[in-house]
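The values are calculated or read from the model by the stated rules, or taken from the named source; none is laboratory data. If you're wondering where the values come from, they're calculated on a predicted model, not measured in any experiment. Glycine gets a Cβ as well: all are built from the backbone with ideal geometry, and neighbour counts include every protein chain shown. For accessibility, only protein heavy atoms count, side chains too; no ligands or nucleic acids. Shrake-Rupley method; radii C 1.70, N 1.55, O 1.52, S 1.80 Å.
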Amino acid sequence: MSKNSVLKGVFLVGLGATSYGMLATFVKLAYADKGATGLPFTPAEVISAQFILGIFAILLINLLQKTKKKNHVVKATATNIKHLMLAGTSTGLTSIFYYLAVKYIPVSIGIVLLMQTVWMGVVLEMILEKKIPSKTKIIAVIIVFIGTILATNILQSTVEIDWRGIVLGLLAAASFTTTMFTANRVAVEISSAQRSLYMLLGGAVIVLFFALATQNTPFNYDIFFKWGIILALFGTVIPPMLMNAGFPLTGIGLGSIVSALELPVSVMMAFIILNEKVIPFQWLGIVLIIFAIIIMNANFKFLKK
């Protein structure tokens, strides 16, 4: 693979990760906003708008691809659709848990909790593949734990962190870990646009049940026009498309390292736009988590001995 192709992949994955990093800040801004009813937008409204508009956008992309490639597009089978929709339920759960988490805790802490996918992925891999993690992965997990303690400011914080946000953030990480494991293993023979569509449809089923169970006021349709488009673009359209295009060019190792940009971007957005306080110890924790991701995916010879 040429150097230019790798650089292109790095750019695409980096841009996708940056888009994901901006998402939580937009969610917080949506919660602080009001529609025509005069009531703040609810999590059910925010998540529903993102998924519905995201599905329409991905559907349009599929139609454009089908028109362009005509009969050259590999169609999804009924089995593919069933498996992808089932895998997509974890996508819906991730959004629900994460968006609820940032309602109770700062975005800068919420994203750190979401990044616990690093060690959760190691544990899930150990369970499914029934093998002991390598020394590199064990070291990375230890670094993630240390980084998380610093990044969440648990030791020095004078403000009690809402336990609901912590639990929901960890549940979001668990769901996201499942999404990452299934996304690259289910129906890989069909186009990324088709896979994204059916996974979104699976996630939308979960979101629909969540909205019906939690929405106690009349649905505020202003969310579609005020925040829905932004949330759909940065949450369900741009990142998956860019990452699906970039990962084959970078490879999983380099792609995973570049995708860690999501963490500092999310914290920086919260710091600049939401005026969230981020102390030096928290930045140190963030750097440690990123370093853990790097050593987990890079080939350091001294760790192989």
### Message
Explain nothing, just compute: Karplus ³J(HN,Hα) = 6.51 cos²θ - 1.76 cosθ + 1.60, θ = phi - 60°, for every residue of region 92-98 in order, whole Hz, x for Gly and Pro.
### Response
x, 5, 4, 4, 4, 5, 5
### Task
May I ask you to derive the FRET efficiency for Ile295 and Glu160 from their Cβ-Cβ distance with R0 = 35 Å, giving the value to the nearest 0.05?
0.55
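Calculate the FRET efficiency for Ile138 and Leu284 from the Cβ-Cβ distance with a Förster distance of 25 Å, rounded to the nearest 0.05. Provide the component values of the computation, followed by the final result.
Details: r = 21 Å, r/R0 = 0.86.
With R0 = 25 Å, the Cβ-Cβ based efficiency is 0.70.
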### Summary
Checked against the structure, the computed percent of Cα pairs over 37 Å apart among (1) 14; (2) 10; (3) 42 is the one labelled (1)
### Of Lys28/Lys82; Lys8/Lys137; Lys68/Lys226; Lys226/Lys277; Lys34/Lys103, pairs whose Cα-Cα distance is over 25 Å
Lys28/Lys82; Lys8/Lys137; Lys68/Lys226; Lys226/Lys277
### Message
Of Leu124, Ala36, Val46, which is farthest towards the positive pole of region 24-181's charge dipole, taken about the Cα centre with +1 and -1 on the beta-carbons of Lys, Arg and Asp, Glu respectively?
### Response
Leu124
### Summary
As straight-line cross-link partners of Lys135, the qualifying aspartates and glutamates (C-alpha separation under 15 Å, not fewer than 8 residues apart within one chain) are Glu125
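What FRET efficiency comes out for Ile146 versus Thr77 if R0 is 51 angstrom and r is the Cβ-Cβ distance? Round to the nearest 0.05. The partial results should precede the final answer.
Working: r = 46 Å, r/R0 = 0.90.
Using R0 = 51 Å, I get an efficiency of 0.65.
May I ask you to give the solvent-accessible area per residue for the chain, in square angstrom, as obtained with a 1.4 angstrom probe?
Details: 15420 Å² over 305 residues.
Each residue of the chain exposes 51 Å² on average to a 1.4 Å probe.
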### Task
Choose one of Phe225, Ala298, Val74: the residue whose Cα lies farthest towards the positive end of the charge dipole of the chain (beta-carbon charges +1 Lys, Arg; -1 Asp, Glu; about the Cα centre).
Val74
### Query
Expressed in nm to one decimal, what extension gain is obtained for the pair Thr217 and Lys8 from 0.36 nm per residue of sequence separation less their Cα-Cα distance?
70.6 nm
### Query
For region 62-149, which whole-number percentage of the solvent-accessible area (1.4 Å probe, protein heavy atoms only) is attributable to carbon and sulfur atoms?
70 percent
### Task
Could I have the simple spin-label model distance between Lys130 and Arg185, label points 7 Å from Cα toward Cβ, reported in nm to one decimal?
1.4 nm
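Give, as a single signed number, the net charge of other residues whose beta carbon lies under 15 Å from the beta carbon of Glu45, with Lys and Arg counted +1 and Asp and Glu -1.
Values: positive: Lys28, Lys34, Lys103, Lys226; negative: Asp33, Asp222.
Taking every Cβ under 15 Å from that of Glu45, the sum is +2.
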